[in-house]
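The values are calculated or read from the model by the stated rules, or taken from the named source; none is laboratory data. Being a predicted model, the structure only gives us computed values, none of them experimental. Quick reminder, even Gly has a Cβ in these numbers, built from the backbone with ideal geometry, and neighbours come from all protein chains shown. Ligands, DNA and RNA are stripped out before the accessible areas are found, and what is left, the full protein with its side chains, is counted by its heavy atoms. Shrake-Rupley method; radii C 1.70, N 1.55, O 1.52, S 1.80 Å.
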Amino acid sequence: MNTGHLLGIKEVEKELLKRVSESNEWELIPGFDNYAISRSGEVIRVRHNAGTSIARKLKPVLVNGKFPVVQLYKDGKGTQKTIKSLMRLTFGQ
């Protein structure tokens, strides 16, 4: 197996963060400062530790087989939000 093109987790996270910071497609989700959403509905969590930032893409789950939902945390409490509601909240769509 050729692993020359495979990136480690850290490299993937750095590349994702670079794309997010360079793009006007992504916006922070109001009320959830550690999360951003793209205009295409992708959600990431951005963590800042010791001068570095790490971005991780969240994988939505389907509720009732049709509504994509992600779990967001604020002040240690989790809440489920649909992608559609986050898009509306962030972009007014």
Of everything in segment 54-81, what is part of a strand (DSSP E or B), under 23 Å from LYS18 (Cβ atoms) and open to solvent by 60 Å² or more (accessible area, probe 1.4 Å)? Give them in sequence order. ARG56, LYS57
If LYS77 passes every condition in (1) over 14 Å from the mean Cα position of the chain (by Cα); (2) among the charged types (D, E, K, R); (3) more than 14 Å from GLY31 (Cβ to Cβ) but one, which one does it miss? (3)
Which ones in segment 19-53 are buried (at least 16 other Cβ atoms within 10 Å of the Cβ), β-branched (Val, Ile, Thr) and in a strand (DSSP E or B)? ILE29, ILE37, VAL43, ILE44, VAL46
